[in-house]
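Peer 1: Okay, handing you the structure first.
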Amino acid sequence: EDQVTQSPEALRLQEGESSSLNCSYTVSGLRGLFWYRQDPGKGPEFLFTLYSAGEEKEKERLKATLTKKESFLHITAPKPEDSATYLCAVPPGATNKLIFGTGTLLAVQP
Amino acid sequence: GAVVSQHPSWVICKSGTSVKIECRSLDFQATTMFWYRQFPKQSLMLMATSNEGSKATYEQGVEKDKFLINHASLTLSTLTVTSAHPEDSSFYICSARDPSTDSPLHFGNGTRLTVT
């Protein structure tokens, strides 16, 4: 069964304190791993898509990487505005739908 | 970029009544849309896949007679929660992607449903 697991569930950082979020997946024939950011009371906002092991993508203070079993979202020198829930997702099988991990709630304190 | 609009953003209804939520793709045609539900401090759970011009495909455990989905046009899908009960109170989110591009799924801003 296709599955996505994220850790930690919650992470509290000081402003400027870099860290990484983990997303482990089991899926037959990966057709992309997606990272989203979700603010309270809002729908998820797309961040990155990774397709193959070794691929990396960056956007401002965020960098996503992918291996054959997991993906990392690295946050460098975070700011309070980076506080949000970060979700990873994969499409199961040959579908366009996404199954999501449980998310990591990130809080960055000034 | 692709935009998905959802309406209403929040709704309160009494037990036993029905509520309709609309999901529109604003600048692209979506033959497929997806409806998710999210309980507090939990992740998104896929409820069903809405297919334009045909019946929706429901995930295991989702009651199709309770959550009616209609996808009558290429830009509009609706989710109707019938005979709502307090346990249906949740955050409902729709999503779609532009099939003519390599875009990812884009999400609406969700509808907060409270059943009293």
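Each value in this text was obtained by applying a stated rule to the coordinates, not by laboratory testing. Predicted model, so just to flag it, every value in this text is computed and none were measured. For neighbour counting, all protein chains shown are included, and Cβ atoms are generated from backbone atoms with ideal geometry for every residue, glycine included.
Peer 1: Indicate the gyration tensor shape class of chain B (rounded, prolate or oblate), computed on the Cα atoms with a ≥ b ≥ c the square roots of the eigenvalues: a/c under 1.5 is rounded; otherwise a/b larger than b/c is prolate and the rest oblate.
Peer 2: Working: a/c = 1.82, a/b = 1.60, b/c = 1.14.
Judged from the Cα gyration tensor, chain B comes out prolate (a/c at least 1.5, a/b above b/c).
Peer 1: Counting Lys and Arg as +1 and Asp and Glu as -1, each charge on the Cβ, what is the dipole of chain A about the Cα centre in debye, to the nearest 20? Walk me through the numbers before you get to the answer.
Peer 2: Working: 12 positive and 14 negative charges, 42 e Å.
The calculated dipole for chain A is roughly 200 debye.
Peer 1: In chain A, if the dipole is taken from +1 on Lys/Arg beta carbons and -1 on Asp/Glu beta carbons about the Cα centre, which of A:SER52, A:GLY101, A:PRO78 is farthest to the positive end?
Peer 2: Working it through, the farthest residue towards the positive pole turns out to be A:SER52.
Peer 1: Sort by residue number and report every cysteine in chain B with no other cysteine beta carbon within a distance under 4.7 Å.
Peer 2: Isolated Cys, chain B: B:CYS13.
Peer 1: Counting partner chain Cβ atoms within 10 Å of every residue's Cβ in A:92-100, what's the average? Walk me through the intermediate numbers first.
Peer 2: Numbers: counts 1, 0, 0, 5, 10, 10, 9, 5, 7.
Counting other chains' Cβ atoms within 10 Å and averaging over A:92-100 gives 5.
Peer 1: With a ≥ b ≥ c the root eigenvalues of the C-alpha gyration tensor of chain A, is it rounded (a/c under 1.5), prolate (a/b larger than b/c) or oblate?
Peer 2: prolate
Peer 1: Other chains near A:103-110: what is the mean number of their Cβ atoms within 10 Å of each residue's Cβ?
Peer 2: On the way: counts 5, 0, 1, 0, 0, 0, 0, 0.
Mean partner shielding for this stretch: 1.
Peer 1: Hey, what do the phi angles of the range B:70-82 turn into as Karplus ³J(HN,Hα) couplings, whole Hz, using 6.51/-1.76/1.60 and θ = phi - 60°, x for Gly and Pro?
Peer 2: Those phi angles translate into 10, 10, 7, 9, 6, 10, 9, 10, 10, 10, 10, 8, 8 Hz.
Peer 1: OK, next. Along the range A:67-72, what does the Karplus equation 6.51 cos²θ - 1.76 cosθ + 1.60 (θ = phi - 60°) give for ³J(HN,Hα), rounded to whole Hz, x for Gly and Pro?
Peer 2: So the Karplus estimates, Gly and Pro as x, are 10, 6, 10, 7, 10, 10 Hz.
Peer 1: Right, here's the next one. May I ask you to give the average projected area over all directions of the convex hull of the Cα atoms of the protein assembly as shown, in nm² rounded to one decimal?
Peer 2: Details: hull surface 49.2 nm².
Computed as one quarter of the Cα hull surface, the answer is 12.3 nm².
Peer 1: Right, here's the next one. Please give the peptides B:14-24, A:32-42 ranked by average Cβ packing (other Cβ atoms within 10 Å per residue), highest first, as a rough proxy for protection.
Peer 2: The peptides rank, most packed first, as A:32-42, B:14-24.
Peer 1: A:SER83's amide H: which non-local residues (gap 5+, or another chain) put their own amide H closer than 5 Å, with H modeled 1.01 Å from N in plane and none for Pro or chain starts?
Peer 2: The answer is A:VAL108.
Peer 1: Go through the range B:44-59 residue by residue and turn each phi into a ³J(HN,Hα) via Karplus (6.51, -1.76, 1.60, θ = phi - 60°); whole Hz please, and just put x for glycine and proline.
Peer 2: So the Karplus estimates, Gly and Pro as x, are 7, 10, 5, 9, 6, 9, 9, 10, 4, x, 8, 5, 6, 9, 9, 6 Hz.
Peer 1: Straight-line reach from A:LYS79: which aspartates and glutamates fall under 14 Å, measuring Cα to Cα and dropping same-chain residues less than 8 apart?
Peer 2: A:GLU15, A:GLU17, A:GLU60
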